[in-house]
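Below is one structure, written out as structure tokens; the observations come after it.
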Amino acid sequence: MSNSLAAVHPELIAEWSEKNLPLTPDSITFGSNKKVWWKGACGHEWETSVKARSNSEKCPYCSHNKVLAG
């Protein structure tokens, strides 16, 4: 699929969480509003839409938009 997340934003594949299986970056479009799980290089995991991540949304904890519980 030429408009898949994997094809358009291959840099995000490394942050794709295994919690999303069987859904993969090859099987979803980069502009999808579907919320999926991400695991940043920082180690935090969060849920947000594929479209938001395609539009450069970063980890909400590191960007101080969300408070980490615990």
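Laboratory data are not the source of any read-out in this text; all were calculated from the coordinates shown. Values in this document were obtained by computation on a predicted structure and should not be read as measured data. Cβ placement follows ideal geometry from the backbone for every residue including glycine, while neighbour counts extend to all protein chains displayed.
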Rounded to whole Hz and in sequence order, give me ³J(HN,Hα) for the stretch 50-56 from the Karplus expression 6.51 cos²θ - 1.76 cosθ + 1.60, θ = phi - 60°, writing x for Gly and Pro. 4, 4, 4, 5, 5, 8, 6
Could you work out the helix-only [θ] at 222 nm for the chain, with each DSSP H run of four or more residues adding -39,500 (n - 2.57) and the total divided by the number of residues, to the nearest 500 deg cm²/dmol? -2000 deg cm²/dmol
Net length gained if the chain between Ala7 and Asp26 were fully extended (0.36 nm per residue, minus Cα distance): 6.1 nm
Using a 10 Å cut-off around each Cβ, can you sort Cys62, Cys42 from fewest to most neighbouring Cβ atoms? Cys42, Cys62
Extension reserve of the Trp37-Lys19 stretch, reckoned as 0.36 nm per residue once the Cα distance is removed: 5.8 nm
Whole-number percent relative contact order across the stretch 5-54, with pairs defined as alpha carbons under 8 Å at least 6 apart: 37
When the convex hull of the Cα atoms of the stretch 5-54 is projected onto a plane and the area is averaged over all directions, what value comes out in nm²? 3.0
Step through the residues of the stretch 58-63 one at a time and calculate ³J(HN,Hα) from phi using the Karplus curve (6.51 cos²θ - 1.76 cosθ + 1.60, θ = phi - 60°), rounding each to whole Hz and writing x for Gly and Pro. 9, 4, x, 6, 5, 8
